[in-house]
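Step one of this worksheet: look at the structure below.
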Amino acid sequence: MTAARASAAHDPYAALRIPEFRRLISARVCLVIATQMQAVVVGWQMYQLTKDPLALGLIGLAEAIPSIVVSLYAGHVADSMPRKRIIVTALSVFMLCSMALFLYTRPSGSWLLSQYHTLPIYAVIFVSGIARGFLGPALFSFMPQLLPDRARLANAITWNSATWQASSVLGPVIGGWIVAQALVRIGGASLTGLSAAYGVDLALTVVSLLLFSTIKGRPLPAREGEALSLKESVLTGIQFIFRNQIVLAALSLDLFAVLFGGAVALLPIFADEILKVGPNGFGMLRTAPAVGSVLMAVLLTYFPLRRHAGRRLLWAVAGFGLATIGFALSSNFWVALLLLFFTGVFDSVSVIVRSTLIHTYTPEYMKGRVSAVNNIFIGSSNEIGSFESGAMARLMGVVPSVLFGGGMTLLVVGVTALKANKLRTLDLTPQEPAAA
């Protein structure tokens, strides 16, 4: 390792010193705040319209299904055409979706909700799911192209995660606060809390699109071998994942843990009926996991997770399951908030380890396709987990369904620890080159 590379590897701000990387994460911050706000507002609006926990789960399903369906094709596209073009197109669709939700709360568009109830909202979420399916692989594979060398990759991944989580803190707080207001005055016009929140969501999406537009496009990385057909290209990405035991085990662990262990979709019910804290409290509950995640991500920026990374990953997911069980049993708002905070702390470890593994072991020319498979495993597991939570809450009750999810998370960790020997012994400590 050269002196320059060693310095970059130990510089906590190495990636942030790159102007285009700063613009990329700034654009992503705006986008994540917007989407997190939207998730809070749509969830609260849907529950007030239906009072049905299954309706909250269907929100996630409406976004996850199209995202999963297009993911493999989107991964092929991300490895076949300029990635910036895909990002800008997907963001333009997000902007139109935000505009539609805003218009639904205005007199000119509210008749749609009056006539078709929740169907127009589900339709917008469905379209945004398609856009997300294309955005994920393109953004995942475009980010490393902005770095001058691989020495800054781990630092870029950690900052990417930290800023995502920080944005996830702000989004629910802003959305919950705005919704809680009876009337908000913007430009002299009286708007409802929902309308104001969707208006801020739209404005942030526009800013994100403008920031991404200022980043210079990059040519596609050189391929190895001959050009592949669509079918061959997709199969190559799938085969890469399933032939790499460490990556497959990490993805599987996250998939089933998030699928069964997530209680976020049911937070409107906890806030309204169990903890009785209203929309402001709902925003705080929605934010707590992200606060824990961002603090852990920042800590890992200064103290990278290297030694015994696989073992720590397993313990972190087990901690996530235990904190979920504790949250389900809590009837005190502050205790519930603390336990949700710890779910975020433990989840951050998993996110950073998984992202580091995929970026490290995947060739640049395949990152779109591998990211697409990752999106099927992980990117939509939150939404499918939301549907699972809503369905189980209707069948078992809200608290028993969350207890069941936490217990299943612990079971998944136990099975993975027994079966995945390579993950259990994984160590990410950089290897020094042998002396000449």
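The values are calculated or read from the model by the stated rules, or taken from the named source; none is laboratory data. This one's a predicted model, so the numbers in the text were calculated from it and none came from an experiment. Cβ: placed from backbone, ideal geometry, glycine included. Neighbour counts: every protein chain shown.
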**Scope the stretch 393-421; condition modelled with pLDDT under 80 and surrounded by 22 or more Cβ atoms within 10 Å (Cβ to Cβ); matching residues** = Ala393
**Request:** Please identify the pairs in which a residue from the stretch 1-27 that is within 24 Å of Leu305 (Cβ to Cβ) has its Cβ atom under 8 Å from the Cβ atom of a residue that is modelled with pLDDT under 50 and small (Gly, Ala, Ser), counting only partners at least 6 apart or on another chain.
**Result:** Met1/Ala9; Ala14/Ala8
**Asked** If we keep just the residues of the stretch 1-22 that are outside any helix (DSSP H, G or I) and modelled with pLDDT under 90, which is surrounded by the most Cβ atoms within 10 Å (Cβ to Cβ)?
**Response** Ala14
**Request:** Select, from Val77, Val169, the only residue that is buried (at least 20 other Cβ atoms within 10 Å of the Cβ), within 14 Å of Thr35 (Cα to Cα) and at pLDDT below 90.
**Result:** Val169
**Prompt:** Taking the stretch 289-322, which residues are farther than 20 Å from Ile358 by Cα, buried (at least 18 other Cβ atoms within 10 Å of the Cβ) and without any contact (Cβ under 8 Å) to a residue 40 or more places away in the chain?
**Reply:** Gly319
**Item:** Selected residue (criterion: farthest from Pro221 (Cα to Cα)) from residues of the stretch 60-92 that are in contact with a Ser or Thr (Cβ under 7 Å, 6 or more places away or on another chain) and among the hydrophobic types (A, V, I, L, M, F, W, C)
**Value:** Ala64
**Asked** Which one is surrounded by the fewest Cβ atoms within 10 Å (Cβ to Cβ), of the residues in the stretch 23-51 that are charged (D, E, K, R) and in a helix (DSSP H, G or I)?
**Response** Arg23
**Message:** Looking at the structure I just gave you, is Gly283 over 28 Å from Leu72 (Cβ atoms) and either in contact with a Cys (Cβ under 8 Å, 6 or more places away or on another chain) or in a helix (DSSP H, G or I) (or both)?
**Reply:** yes
